[in-house]
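Shown next, in structure tokens, is the structure this report addresses.
The values are calculated or read from the model by the stated rules, or taken from the named source; none is laboratory data. All of these numbers come straight from a predicted model, not from anything done at the bench. Here Cβ is always computed from backbone atoms with ideal geometry, including for glycine, and neighbour counts include all displayed protein chains. Please note that ligands, DNA and RNA were not included when accessible areas were found on the heavy atoms of the full protein model with its side chains. Shrake-Rupley method; radii C 1.70, N 1.55, O 1.52, S 1.80 Å.
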Amino acid sequence: MTALAALLPDLGRRTLVMGILNVTPDSFSDGGRFQDLDAARDQAARLVEEGAALLDIGGESTRPGHVPVPADEEQARVLPAIRALAPTLSVPISIDTYKAATADVALKAGARIVNDVWGLQREPEIARVAAHHGAPVVVMHNRETIDPSLDIVDEMRAFFERSLTIARQAGIPDRDIVLDPGVGFGKSWEQHLEALRRLPELRALGFPLLVGVSRKSVLGRIHNAATAPADRLFGSIAAHVAAAALGADIVRVHDVRPHVEACQVVDAITRPASRAGA
């Protein structure tokens, strides 16, 4: 059994919900709410109680226009939460970072998965760190600049091939790799939708898919309204339901319970085996 299968035994059998826990002052939706350790602990417990299959903890905002933080500052944010939560949670923690040093100390502190928004390409050493710890990786597509002329799925295929080469050379088995199309990162508005629409083409690459559209600005534009991120729940659910129906295995969300219930309906329709014994 691979590390990913051991950590997420239901992967591929039902749509898993990843709960977001940002311990940052400036995340686009909930910045500053869970920096306090007690608040982070309470939120983690709430997300797991609501049905999260794993928690994603991040210490650096990756919203458009964010200011990168040094590795030591990022670690000062995430390590207390990971150390406090890992021994008590019934679900695995992923560390949301592209920095190899942060991934290393987070895995030592109790995180089990590395979620890299630069697909192992910003700091390729992160792949060797993950391999050393036997940790699965989430490889997200990203770009420094937006180029609306690109066929975004062709671009993602080429990007993922580079990432997979890095992962394989580091010793990470393919069965411990999850791909993420990176909705909200390095794409035009139309390309975000195209990436979701063409998820079956990415699914054909043979890896589990993670999709995160929760509260993102692409939803606000669809609504044609200046909605605050926290007011985009219905759009978030719709996007993730569509993604699950098109092949996503994991959805990364702020609002766990409504997504769990929505994904149960999707699974009952599209993955009837997931209802066996229910």
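Observations on the structure shown:
- Annotation: residue 149 carries an accessible surface of approximately 100 Å², with a 1.4 Å probe and no ligand, DNA or RNA atoms counted.
- Once both labels are positioned 7 Å from their Cα atoms along Cα-to-Cβ, the gap between residue 5 and residue 125 label points is 3.3 nm.
- Cα-centre dipole for the chain with unit charges at Cβ (Lys and Arg positive, Asp and Glu negative), debye to 20: 520
- Ranking 189, 118 from most to least accessible surface, computed with a 1.4 Å probe over the protein chains only, gives 189, 118.
- Peptide packing for 127-139, 190-202 was compared via the average number of neighbouring C-beta atoms within 10 Å per residue; ordered from the highest value, the list is 127-139, 190-202.
- Length added when fully stretched, residue 146-residue 221, from 0.36 nm per residue minus Cα-Cα: 25.3 nm
- Global geometry of the chain, whether rounded, prolate or oblate, following the gyration tensor of its Cα atoms and the 1.5 cut on a/c: rounded
- Length-normalised contact order for the chain - Cα pairs under 8 Å, 6+ apart - percent: 19
- Rounded to the nearest 10 Å², the accessible area of residue 221 at probe 1.4 Å: 140
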